[in-house]
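Taken together, the values in this text are just the output of simple stated rules run on the coordinates, not laboratory data. Remember, predicted model here, so these are calculated numbers, not experimental data. Using ideal geometry, Cβ is built from the backbone for each residue, glycine included, and neighbour counts are taken over all protein chains shown.
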Amino acid sequence: MNEKMTFCEECRKDVTYAVESVSIKGTLKGEEYRYIGKKAICAECGTEVYVAKIEDENLKALYDAYRQKNGIISLEKILEIPQKYTIGKRPLSLLLGWGEMTFTRYYDGDMPTKQYSDVLQRIYDEPAFYLSMLEENKGNLKSQTAYEKSKRATVELLGGQITVDSKVDDVIDYLLFQCEDITPLALQKVLYYIQGVYYAFMDSFMFTEDCEAWVHGPVYREIYNHYSGYRFDPIESNNEFDVSVFTDAEKAVIDSVIQNFCCYSGKILEQFTHSELPWIKTRGNLPADAHSNCIISKETIGEYFTAVKQKYNMLTPNDIENYAQVMFSRSMKL
């Protein structure tokens, strides 16, 4: 049976009840508000009975009346914001420079101040405003992935596509600034190691591009096409670079990979990758000289380098040195 039941104090037993809409007067923060609520009526004696769900609905109606009169964003809109912009409640709080649990409290029904409400209302109404805040405050987020997912969703809302440079372009520019003799082959492998080591320590990827399992190891196709004219020669270096584009964590990982991997030639790094699970697993049973455009999944890269971090007891990105030395020793035995 699906009949609604509650306890009637008059009848002294559980009874069915009917629900009526009524005008209710309530007080909130010292002010009276009249709103349309509900009451439950015992089906047997006709007296009003207590139903927790109805009381909760009436309380929400009172809060809604308060919100409407005082220009406070509705709870329904607050609930929509994380879905609309594909961002978690805590990351959104951090993005806005609030306490980590502030937005969660508002999401759970707490009343925001007028100042915070105005920010949330504008975010709800104006995706362009949210995008500007996302770009300006992305350093507040703990995850690069959270930023990328939210940006993608927001740009889609605006009916456009992301046109800004990928993070990988900044990484390449920095590598060319720091390394005077990096070849296209070495560049590909160094990018792969930066991606893997960063994930191992930060649980997110530094850039969005996928690499493919080519004959000579992991390769980022568009980057290969861009620098293929250098063939086996070092790529022309950059004379200046603004490191402020990186977070401290990003720079720490890149610097460690430069120190511990860029000291080897592209061919040596190729041998490293040929003995690692991501490339081997993606190639499968392909002959050694067979062409392939199979993508090395980010999941595989992340799992592998997370395991490497654990195996070698790495506490900081600099600890990747031990792994690099082991890989070099193995390559010399081939």
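Checking [x] 0.93; [y] 1.46; [z] 1.98 against the coordinates, the calculated Cα Rg over 2.2 N^0.38 Å falls under label [y].
Pairs 25/69; 89/151; 267/309; 138/251: which exceed 19 Å Cα-Cα? From 25/69; 89/151; 267/309; 138/251, over 19 Å: 267/309. Helical runs (DSSP H, four residues minimum) scored at -39500 (n - 2.57) apiece and divided by the length of the chain put the mean residue ellipticity at 222 nm at -16000 deg cm²/dmol.
For residue 281, a cut-off of 20 angstrom between C-alpha atoms picks up these aspartates and glutamates, skipping any fewer than 8 places away in its own chain: 209, 210, 212, 270, 289, 299, 303. In terms of the mean number of neighbouring beta-carbon atoms within 10 Å, the peptides 188-194, 316-322 order highest first as 188-194, 316-322.
Springs between Cα atoms under 10 Å define the GNM used for the chain, and in it the highest mean-square fluctuation of 196, 159, 302 occurs at 159.
Farthest towards the positive end of the charge dipole of the chain, among the residues 253, 304, 187, is the Cα of 304, using unit charges on the Cβ of Lys, Arg, Asp and Glu. Fewest neighbouring Cβ atoms within 10 Å first, the residues 214, 279 line up as 214, 279. Taken as Cα centroids, the stretch 1-78 and the stretch 292-320 sit 55 Å apart, rounded to the nearest whole angstrom.
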